[in-house]
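The values are calculated or read from the model by the stated rules, or taken from the named source; none is laboratory data. This one's a predicted model, so the numbers in the text were calculated from it and none came from an experiment. Glycine also receives a Cβ, built like all others from the backbone with ideal geometry; neighbour counts cover every protein chain displayed.
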Amino acid sequence: MSNSQEREKTQRKKSKMLDATKSLKNIMGRHYLAIEQAYRDGNPTAWATSGSPVELLYAMKVQPMLPENSATMSAAQHISKDLIELAETQGFSYDLCSYFKTNIGAVSKGINTFKGGIRKPTFMMATDVICDTHVDWFQTQGERMNVPVYLIDVPHIVSNVNQRQYQYYKKYVEEQLWGLMDFIQEHTGNELDMEHARKVAENSYKLSEVWRDIYELRKNIPSPISTKDTFGGLFPLFTMPGLKPPIKLYKRMYREAKGRVDAGIGALPNEEFRLGFEGIPFWYNLKYFAMLEKFNAIIVYEPYTFAFAKFFSNPFEEISKERLLKDPIEAMSSLMLSFWYIFDLETRVKWFKKTTEDWKIDGWILHNNVSCRPNTATIYDLKRHLQDDYDIPCLIIDADQNDPRKFNEIQVSNRIESFIEILRKRKET
Ligand code: SF4
């Protein structure tokens, strides 16, 4: 297709999703079919939390299932509210994580996989790397469903942790990963094949790498892709790290986005305002983000979706491909100590400042996510530092990633409109 044809096609509608992204449904469909196949064949399955080493499950021929991903499906199909309310009738508090409660409701009701239901697994694997809710959640469900649970405790690195402590933490996590493999062997009979583990690790690295490359393209003005490609596009990164099909999909996304960059075409015609969005989106109303288009505003960076390019979102140390292939378990333990959501305030402020410069961001929308402490802890301090120390405009909005009861659309829209006005005035002066 020529540049002018591509330009015409893009401008017919606002904020054009990449054609390649449309294949995302097929890739995720394959993931769910693989789960069904595992049950049919009697192969082991496991629930895993995000931030846990899903690659080790693939390496040991265990089919992963990610309840958070399932919860987002329920939200997208507008049934999360009912499931959450069902969990609340069972005594789970209004303030608890809405993913957790969606999962409680989904399992209680026994809804099908494609609506966000999730079957009883052989075992569960959880880690507190992102939040303690993950641990409480899987312990609760492990007990209710009578399923063994393996927990990985990950210390948080803060700015005064020295090298000696860091090495100690790493060893501590590494020991637990070896323990996990013993646990898997005990419950499935499957043994670790290090050669297969290396292949899985290499695929996971490549997946991160292409996602990083896609993100790099967003630095261009105009940005070739919008959240229509990244919010949903993120799922293979945490459900299928280690498999080949999502790498192909991301490469297609990259090529198409690069074509737009080369032709000077943006995902949004007339891009005026470039925004960052911190936090998990509202899965029950993803279309809401299109409202930014009427202001010629586009989101060009989300720490949440970039965090899953885990080999490249680590400010502490580089995890090279060579290092990963030499000793996948050692590299994995380093990765687990460097997940975006465990950074302390000082590191986050620096990272936001650098991101603002690199991606040429005019202002940040920070999602004060009512049910998620890791997402919201320090959010007011973060805003204060970015605004006062670096003159970076920020807006905090209150909502929830899976519970539509906590999203006041009119209020949020009014605040965004005022924020855009502030950005406009800054540009004019
Ligand atoms: S939404 Fe927040 S609290 Fe809930 S599981 Fe995810 S990180 Fe944890």
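Quick one: which strands (runs of 3 or more DSSP E) lie wholly within segment 256-370 and hold at least 3 residues that are among the β-branched types (Val, Ile, Thr)? So that I can check it myself, show each step before the final result.
On the way: elements: 273-278, 297-301, 363-369.
Of the strands (runs of 3 or more DSSP E) lying wholly inside segment 256-370, those with at least 3 residues that are among the β-branched types (Val, Ile, Thr) span 297-301.
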_Give all pairs with beta carbons closer than 6 Å in which a residue from segment 86-102 that is at pLDDT 95 or above meets a residue that is crowded, with 17+ Cβ neighbours inside 10 Å and in a loop (DSSP other than H, G, I, E, B); count only pairs at least 6 apart in sequence or on separate chains._
Cys97/Ser371; Ser98/Ser371; Ser98/Asp400; Ser98/Asn402; Ser98/Asp403; Tyr99/Asn402; Lys101/Phe92; Thr102/Asn402
*Could you list, in sequence order, the residues of segment 269-302 that are within 12 Å of Trp359 (Cα to Cα) and among the small types (Gly, Ala, Ser)?*
Gly276
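Looking at Trp340, Trp364, can you tell me which residue is in contact with a Phe, Trp or Tyr (Cβ under 8 Å, 6 or more places away or on another chain) and free of Cβ contacts under 8 Å to residues at least 40 places away in the same chain?
Values: Trp364 fails: free of Cβ contacts under 8 Å to residues at least 40 places away in the same chain.
Testing whether each residue is in contact with a Phe, Trp or Tyr (Cβ under 8 Å, 6 or more places away or on another chain) and free of Cβ contacts under 8 Å to residues at least 40 places away in the same chain leaves just Trp340.
Residues are listed down the side, and each one gets a yes or a no for (1) crowded, with 17+ Cβ neighbours inside 10 Å; (2) more than 16 Å from the ligand (Cβ to nearest atom):
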{"site": "Thr45", "(1), (2)": "yes, yes"}
{"site": "Ala48", "(1), (2)": "yes, no"}
{"site": "Ser52", "(1), (2)": "yes, no"}
{"site": "Tyr58", "(1), (2)": "yes, yes"}
{"site": "Gln63", "(1), (2)": "yes, yes"}
{"site": "Ala87", "(1), (2)": "yes, no"}
{"site": "Asp95", "(1), (2)": "no, no"}
{"site": "Tyr99", "(1), (2)": "yes, no"}
*Matching residues in segment 137-166 - criterion: being surrounded by fewer than 15 Cβ atoms within 10 Å (Cβ to Cβ), within 15 Å of the ligand (Cβ to nearest atom) and of a type in the set (S, T, N, Q)*: Gln139
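For Arg348, indicate whether it is more than 16 Å from the ligand (Cβ to nearest atom) and basic (Lys, Arg).
Numbers: more than 16 Å from the ligand (Cβ to nearest atom): no; basic (Lys, Arg): yes.
Answer is no for this residue.
Does Tyr380 satisfy being in a helix (DSSP H, G or I), within 16 Å of the ligand (Cβ to nearest atom) and on the phi < 0 side of the Ramachandran plot? Show your work before the answer.
Values: in a helix (DSSP H, G or I): yes; within 16 Å of the ligand (Cβ to nearest atom): no; on the phi < 0 side of the Ramachandran plot: yes.
When the stated conditions are applied, Tyr380 does not pass them.
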*Would you please name the residue that is modelled with the highest pLDDT, looking only at residues in segment 142-158 that are under 24 Å from the mean Cα position of the chain (by Cα) and more than 23 Å from Gln185 (Cβ to Cβ)?*
Pro155
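Taking segment 363-374, which residues are closer than 14 Å to Glu278 by Cα and either away from the ligand (no atom under 15 Å from the Cβ) or not basic (Lys, Arg) (or both)? Before the answer, list the steps.
Here is the first cut: in segment 363-374, the ones closer than 14 Å to Glu278 by Cα are 363-370, 372-374.
Within segment 363-374, Gly363, Trp364, Ile365, Leu366, His367, Asn368, Asn369, Val370, Cys372, Pro374 meet the criteria.
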*Taking interchain pairs and intrachain pairs at least six residues apart, which have beta carbon atoms under 6 angstrom, with the first residue in segment 368-385 and of a type in the set (A, V, I, L, M) and the second within 12 Å of the ligand (Cβ to nearest atom)?*
Val370/Asp400
*Which of the residues belonging to segment 358-373 are modelled with pLDDT under 95 and of a type in the set (A, V, I, L, M, F, W, C)?*
Val370, Cys372
_Enumeration of residues in segment 273-306 that are farther than 24 Å from Gln77 by Cα, surrounded by fewer than 20 Cβ atoms within 10 Å (Cβ to Cβ) and without any contact (Cβ under 8 Å) to a residue 60 or more places away in the chain_ = Lys294, Asn296
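Inside segment 103-128, can you point out the residues that are assigned to a helix (DSSP H, G or I), away from the ligand (no atom under 14 Å from the Cβ) and either in contact (Cβ under 8 Å) with a residue 60 or more places away in the chain or under 30 Å from Asp182 (Cα atoms) (or both)?
Initially, segment 103-128 is screened for residues assigned to a helix (DSSP H, G or I), giving 103-109, 113-115.
Next, from what is left, pick out any that are away from the ligand (no atom under 14 Å from the Cβ): 105-109, 113-115.
Val107, Thr113, Phe114, listed by residue number.
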_Residues of segment 295-318 satisfying the condition of being of a type outside the set (Gly, Ala, Ser) and modelled with pLDDT of 95 or more_ = Phe295, Asn296, Ile298, Ile299, Val300, Tyr301, Glu302
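Out of His187, His134, report the one residue that is within 16 Å of the ligand (Cβ to nearest atom), touching a strand residue (DSSP E or B) at 6+ places or on another chain (Cβ under 8 Å) and either assigned to a helix (DSSP H, G or I) or at pLDDT 95 or above (or both).
Values: His187 fails: within 16 Å of the ligand (Cβ to nearest atom).
Residue meeting the stated conditions: His134.
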*Report yes if some residue within segment 405-421 is of a type outside the set (Lys, Arg), surrounded by fewer than 20 Cβ atoms within 10 Å (Cβ to Cβ) and within 15 Å of the ligand (Cβ to nearest atom); otherwise report no.*
yes
